[in-house]
1. Among the candidates A81, A73, single out the residue that is out of contact with any helix residue (DSSP H, G or I) (no Cβ under 8 Å at 6 or more places or on another chain), modelled with pLDDT of 95 or more and closer than 21 Å to K110 by Cα.
2. Looking at the range 10-25, I want the residues that are closer than 15 Å to L44 by Cα and have a partner that is of a type in the set (F, W, Y) and surrounded by 15 or more Cβ atoms within 10 Å (Cβ to Cβ) with Cβ atoms under 9 Å, at least 6 apart or on another chain. Which pairs are those?
3. Suppose the filter is modelled with pLDDT of 95 or more and under 17 Å from L12 (Cα atoms); does G54 pass it?
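The values are calculated or read from the model by the stated rules, or taken from the named source; none is laboratory data. It should be emphasised that the depicted structure is a prediction, and the values quoted were computed from it without experimental measurement. Here the Cβ is made from the backbone with ideal geometry for all residues, glycine too, and neighbour counts use every protein chain on show.
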Amino acid sequence: MARNSDALNGFLDPGCTVRGDLEFESSFRLDGKVEGVIRSAAELLIGESGVVEGEIEVARCVIGGTVRGTIRASASVQLLATAKVWADVHAPALVMEEGAFLEGQVAMEKSSPKATSASRNKPALKAAKP
């Protein structure tokens, strides 16, 4: 999960719920539930029991659990086989394992995690070949 010198900055265990904003500096593992906004310039790993209802703005997002809302990643989004995602995804790279579920619009953007209003109005769906 953590890359190079990135260390795990924190985690949220199953049975724990955060309502509001969550910000972190290094990699964060989420096995509990967050209702709100998650922001970081690092990596977010959502485990199989992890649930996010809201907005995610991170560099990299690896999802094995459930997400409902919006995902904006400046580097990549990876959906593991156990992922269940009902969200619009904005990222320059999207990887989906067989068995992953995604419902929503996908915009392959090379810009920052915050999309401009013009790019949000353009439908885009591109799939990278493995």
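1. That would be A73, the only listed residue that is out of contact with any helix residue (DSSP H, G or I) (no Cβ under 8 Å at 6 or more places or on another chain), modelled with pLDDT of 95 or more and closer than 21 Å to K110 by Cα.
2. Qualifying pairs under 9 Å: G10/F24; G10/F28; F11/F28; L12/F28; L22/F28.
3. Yes; evaluated as a whole, the condition is true for this residue.
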